[in-house]
Amino acid sequence: MTKPVKTKSTRLLVSLRDDIERFLDALFGELDRTRLGQTTTPAAAPTPAPTRAAPAPAQRFTPPVKPAPTLATPPPVGAGRFQTEAQAKSQCPADLVVCVNLTSKIFHVAGHKSYGTTKAGAYMCEKEATA
């Protein structure tokens, strides 16, 4: 019978298995391998693994707080254009309030990613924005 050839990857796997067993033994105490169906033979004393510095504890990531949508200054000029959403809602309680980009003439409804974030914009009632 020929002796199996130990390649570098085989040695690494055996070393990894031994490291895992030592870790589990240290964590849970000696395992009762006879209960697991394995017969134990006294193994040679394991070679101590090289010591490494413990990694620094991971810091928790906290996402930055997104500021409330606001329109850039200067304040909107013209009838029916409001600087805040509350001002627009007070003037058109029965109509939908939209955020209008005054440069591109495109309006966005609440919930859209561009709502309240345009640089040259104003809040308006939808009827006035479409007129």
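Just so it is clear, none of the values below were taken in a lab; they were calculated from the coordinates. All values reported here derive from a predicted model rather than from experimental measurement. Note that we place each Cβ from the backbone using ideal geometry, even for glycine, and neighbour counts take in every protein chain shown.
Figures for the structure shown
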{"read-out": "Sites matching trypsin sites (Lys or Arg not before Pro) across the stretch 77-113 that sit in DSSP coil, with at most 14 neighbouring C-beta atoms within 10 Å", "value": "LYS105, LYS113"}
{"read-out": "Formal net charge of residues neighbouring VAL97 (Cβ-Cβ distance under 15 Å; K, R +1; D, E -1)", "value": "-1"}
{"read-out": "Sum of side-chain charges, CYS125 neighbourhood, beta-carbon under 13 Å (Lys, Arg +1; Asp, Glu -1)", "value": "-1"}
